[in-house]
Structures are given as C-alpha cells and as structure tokens.
2 protein chains.
Amino acid sequence: MPLIECIANISEGRRQDVLDACGRAIAATGAGLLDVKSDPTHHRTVFSFAGTPAQVREGALALFESALAAIDLRKHKGEHPRLGAVDVVPFVPIKGATMADCVALAKDVAAAVAERHQLPIYLYEEAASSPARRNLEDVRRGEFEGLAERMAQPAWAPDFGPAAPHPSGGASIVGARMPLIAYNINLATDRLDVAKKIAAAVRHSTGGFRYVKAMGLPLEDRGIVQVSMNLTNYEKTPIFRVFECVRREAERYGVAVLESEIIGLVPSAAMFQSAAWFLQVSEFSEAQVLENALERIET
Amino acid sequence: MPLIECIANISEGRRQDVLDACGRAIAATGAGLLDVKSDPTHHRTVFSFAGTPAQVREGALALFESALAAIDLRKHKGEHPRLGAVDVVPFVPIKGATMADCVALAKDVAAAVAERHQLPIYLYEEAASSPARRNLEDVRRGEFEGLAERMAQPAWAPDFGPAAPHPSGGASIVGARMPLIAYNINLATDRLDVAKKIAAAVRHSTGGFRYVKAMGLPLEDRGIVQVSMNLTNYEKTPIFRVFECVRREAERYGVAVLESEIIGLVPSAAMFQSAAWFLQVSEFSEAQVLENALERIET
C-alpha cells in the first residue's frame, strides 16, 4: 500500500486547545500523526501525518475543517509569513508512492476544500499550474494582508475556489514535493563571514546546487558558526555531495568541519545513498537491506 | 514483536527435490524464507529465514527433521568442510531482539533436536559453553570423518545429546552471532601481493581488526584484485573503519580503491552508521529515520 506524508502548516502556535482539537481531528481519520511542532513566536504549528492516500486525504480535510473554524487571520500576528489560516499543505511520497500520486492527491484535496469552505487554493511546487507558482515564497508574497489586492490581478486567480480571499481564512497553498532534509554543518571557527560565503557557494539562489537553500549563522553560545541548510530533493542533490562541497570550501579558508546535524526526520534512502557513495559500493540496492528483505516476506 | 534470523547450512547442494522439501518444511511453520543459496561444488545449501522466536524455532526444527531424513554424510563429498548433515545453525538478532534472546533460542533448539534425533550438538559463538568452542573452525576441525575419534575425548563431549556421532547425521553446531556482512573491496591493480598484504593487515588472525576475516584474491577476468572480507560484528568493527583502513593501506602501495561490493544482505544500521560517520553527523539516532517513525505509528 503506498504511503504518503502530509506536512501541514497552520497559523496558530499558541492556543493549545485549538492545536489539540486539530491533532485529534487528524488522528480520528486513521491517518497516523507523526509529529506536532508549535512555535509561539512564529504563531504557527506544523502537523506531520502519514498513511495511505485515502487516509491522508481525510486527515487533511479534517485539519482544514478544524483550523478554519478556530483561526481568524484578521486577528493573527506572528513572525512567520502566512497567507492563510491553513497556510501550506504539501504532500510527500514515502514508500511505494510516486510524485504523481502526491500531485493527484494535492489537486483532489484542493478541489474538495475549495468547494466545502469557499476557500481559494493555490497549487505549488510539483503540483504548480505554472512556473511562477512553483516557489512557496513567490506565492506567499504580500501575505494575508495583501491578498485581496493581489487576487484582483488576473495573473493571481487561484487554482481552485473563489477569486477573493476567505474573510478569516485567507487562501491556502497546497502541493506536492520531495521530503525535505534539514541539514546543518557546524564549522570549527567563529568566523561568520566564512559560514556566509560557504552558504552562498552551495545554495541554488546564488549559483550553488539546484536543491539547496542555505544561510550562514552564528551559534553564539558555542562560539562557532553554522551553514544551515534545507535539502529539498536528496535524490538529485544528495547529502554527501553537499557535505563534501562545504568541507572543501571551508578548507579553502583554513577551516575544518566540526560536525553536522540532521534535524528531524530523514528518509532511509538518503542515508543509504550516502553510505554507498563514501564506501564506493558498486550497484548497491535497497533490496539488499535486511529489514527490506524481511518486509518483503512479511507482506 | 522481536525478530530473529536463522542462517542454516546443510550438507546438500545437489538434489533439488531434497532442497525443495527442506524449504517447504521451513515455510510451513510460519517462518519467512528469505533466501536459499546452493553450491553444488561445496555440496552445501544455506537457508535464511526469519520470524518471531517461536516461528524461527519451529522452522529450525522442521529443517533438522527434513535434512536428517534425507542426508547421509557417509556418502557425502564436497569441497566445503562439514561436521553434520545439518552443519551450522546460527541465530541472529534482528529487530527488537537481543543477543541473549538468540543464545536462549539456540540452547532451546539444541536441546529439542538432541532429544528428538539423538544427535550430538555443539554450541558455538555467543552461545558457546567455553572459549575453545567459540570459533566455528575449531569446533569443526577433523570434520565428520574424524568425529568419532574426537568425541572420544572428554574435552569434546557435546553440549547436548549422545557422546557419539549420529550414524548418518554426524553432529550439528548451533549458536548465536551478530549478522555477518560479506564485504569486498576491489583494487585498481592486478598486483595480488598488494591484496594479500592488505588482507593480512586488516584481519584479526594476523593482527588486524577484531571482527574481520579477510583474504586477497585475483579477479582474473577483470584483471584486478580483491580484498574479500567477512565483517562478523559491524557494531564493534564498523564497515567505514575497515574501508578507510584498506584505502590507506592501498595508498601506501600507490594503489587506489576501485569500488567495493556488499554481497547479499546488510542490516540498515550498518549503513546508517557509515553515512553518519562520513557525514560527521553528531548524535544521529535511528529514530530520526522517516521509515522508523512511520513504523512507530503503524504498530
């Protein structure tokens, strides 16, 4: 049975009763709640849940239902940019699911939500209807407060739903993407300029790898600096290649890599891929992993 | 539910009907048959199967039943050394199982088989009753043909069963061990002496790593040489350390690593461990692997 993960971001990070109700609504559909992370300063919460396409569909619809009823963006202020009460809802292929499955699911959920709640929906990333809508930051520009003006432009007609903002819920951004890996490399130096130069070297926006977002920042309590990254497609821009590039760039400045960190979850394939590359394993197959062989006999 | 794997080696590698019957007998118990590998020259077959301790116990007992009925070692000749019709039966901890579980299972199976078939059993590796019996090669010395003479010595009384060989089945060696990784490193040279020197440098018997067996051999059709290894405890002697040592030793002779090969199955932990080491990931936990997180919600 194909497995899909949904990482839904809502614009509420403070009222625990609302968050609990949202979590219960998702879990009641049969989707498995993997993680809930709130940030009161951002006033935002991320629900990660997974299941079959049908389970994840119901989970997402239940979350829209609960969150739209409880959140009024006209009264919402937080540090994180947002366009909607339910802000961003990407679907991610896990086991046995393809990107095409996730694109289909995104469109299906978008259509259902738009109709049920009279909510405008923009499709983004792999589900985007045009290149101008692929990037989340582009779709969200102007935020909730600038939404009515923006939607008045024909170029920003939504993919589903009415051509004007939902009064309290704004608009939502739904799509499909690869699993994202939050990956940081800590350098054995306190020179922030080095971290910033390396971030600029490896990130896509300034000439680096296609699927890397990066910034250099200080870890002041430890007296070191960090290249903080999001790897948005580990199949096409693998961890090992980014690591080796950062390591070499640091060397250029006489700086060593102290350690790296994987924040949150990482697909096993990204780790297998890295082990096989460093060990120079020819023709490694995931079918050789003992646990995968066991799973084949179990199912 | 804890999962244990059994890798049973029997002294029959030619009669397909016998092998089919053994495979069916194992599968009928509910244990999952992972792999069957026969070698007619060795006249030997390896059955790999896995399941809960109870399933694997029944699978092993069924294999003893079928194999002892069909194999007569008095008529058996093959290139591989052997002591019994069912020669070696190790149990290996997989998911949620400990080495202690496997030692207990080995003793339980040994006692049951000895009583049912009046077959002498030696415990080896982690289940061994004395250091002299840990090593498979030590227990098997003299093979089936020398068994009666050897068993006459009080030092070689079996751990279970009668103090004399089974007429057609000899004796069996049952135990518990870590999963073994068959790992080869191919060198970009045809100099066999280099492969042999490196094998001697990394293997335990000549001063190398505690859990490495190694030999240097030519791959004549490709015009290169190979360091062919068994890694018998990847937790204590990890793949990456062996790889880096072989790479550095080869460099000493002006030789590069061409590639490496993992033959058969490898535990995911061995790959995660290597990826995390090369990437210098601090505090990596298997709980961070997406598939493991999914499994936690499924069960």
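The values are calculated or read from the model by the stated rules, or taken from the named source; none is laboratory data. As the structure is a computational prediction, the values presented were derived from the model and not from experiment. With ideal geometry, Cβ positions are generated from the backbone for all residues, glycine too; neighbour counts draw on all protein chains shown.
Residues of the stretch B:158-168 include at least one that is over 30 Å from residue B:263 (Cβ atoms), in the same structural domain as residue B:83 (by TED's automatic domain parsing) and in a strand (DSSP E or B). Looking only at the stretch B:93-108, decide whether some residue is surrounded by 23 or more Cβ atoms within 10 Å (Cβ to Cβ) and touching a Cys at 6+ places or on another chain (Cβ under 7 Å). Checked the stretch B:93-108: at least one residue is surrounded by 23 or more Cβ atoms within 10 Å (Cβ to Cβ) and touching a Cys at 6+ places or on another chain (Cβ under 7 Å).
Candidates are the residues of the stretch A:181-194 that are among the aliphatic types (A, V, I, L, M) and surrounded by fewer than 20 Cβ atoms within 10 Å (Cβ to Cβ); the one that is farthest from residue A:105 (Cα to Cα) is A:188. In the stretch A:251-261, the condition of being assigned to a helix (DSSP H, G or I) and touching a helix residue (DSSP H, G or I) at 6+ places or on another chain (Cβ under 7 Å) is met by no residue. You will find that of B:100, B:85, B:67, the residue that is within 20 Å of the chain's Cα centre (by Cα) and over 13 Å from residue B:10 (Cα atoms) is B:100 and no other.
The set of residues from the stretch B:218-240 being of a type outside the set (Ser, Thr, Tyr) and over 17 Å from residue B:179 (Cβ atoms) comprises B:218, B:219, B:220, B:221, B:222, B:223, B:224, B:225, B:226, B:227. The residue of the stretch A:279-293 that is farthest from the other protein chains (Cβ to nearest Cβ), among those that are outside any helix (DSSP H, G or I) and of a type outside the set (Asp, Glu), is A:285. Per the listing A:284, A:243, A:209, the residue uniquely over 24 Å from the mean Cα position of the chain (by Cα) and among the aromatic types (Phe, Trp, Tyr) is A:284.
Selection within the stretch B:113-133: residues that are among the aliphatic types (A, V, I, L, M) and assigned to a loop (DSSP other than H, G, I, E, B). The member of this set that is farthest from the other protein chains (Cβ to nearest Cβ) is B:119. From the list B:36, B:46, the lone residue that is modelled with pLDDT under 95 and either among the polar types (S, T, N, Q) or surrounded by fewer than 16 Cβ atoms within 10 Å (Cβ to Cβ) (or both) is B:36.
One line per residue, one yes/no per condition, for (1) among the hydrophobic types (A, V, I, L, M, F, W, C); (2) within 14 Å of chain A (Cβ to nearest Cβ); (3) without any contact (Cβ under 8 Å) to a residue 40 or more places away in the chain; (4) within 30 Å of residue A:295 (Cβ to Cβ):
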residue: B:191; (1), (2), (3), (4): no, no, no, no
residue: B:201; (1), (2), (3), (4): yes, no, no, no
residue: B:206; (1), (2), (3), (4): no, no, yes, no
residue: B:216; (1), (2), (3), (4): no, no, yes, no
residue: B:220; (1), (2), (3), (4): no, no, yes, no
residue: B:223; (1), (2), (3), (4): no, no, yes, no
residue: B:231; (1), (2), (3), (4): yes, yes, no, yes
residue: B:258; (1), (2), (3), (4): yes, yes, no, no
residue: B:264; (1), (2), (3), (4): no, yes, no, yes
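If you go through the stretch A:29-64 and keep only what is over 17 Å from the mean Cα position of the chain (by Cα) and of a type in the set (Asp, Glu), you end up with just A:58. Screening residue B:194 on (1) assigned by TED's automatic domain parsing to the domain that holds residue B:245; (2) in contact with an Asp or Glu (Cβ under 8 Å, 6 or more places away or on another chain) shows it passes everything except condition (2). In the set B:258, B:265, B:294, only one residue is buried (at least 17 other Cβ atoms within 10 Å of the Cβ) and not assigned by TED's automatic domain parsing to the domain that holds residue B:194; that residue is B:294.
So residue B:137 clears everything in (1) of a type in the set (Asp, Glu); (2) modelled with pLDDT under 95; (3) surrounded by 13 or more Cβ atoms within 10 Å (Cβ to Cβ) except one condition, right? Which one? Going through (1) of a type in the set (Asp, Glu); (2) modelled with pLDDT under 95; (3) surrounded by 13 or more Cβ atoms within 10 Å (Cβ to Cβ) one by one, residue B:137 breaks only (3). Just so you know, in the stretch B:71-81 the residues that are crowded, with 17+ Cβ neighbours inside 10 Å and at pLDDT 95 or above include one that is nearest to residue B:105 (Cα to Cα), and it is B:71.
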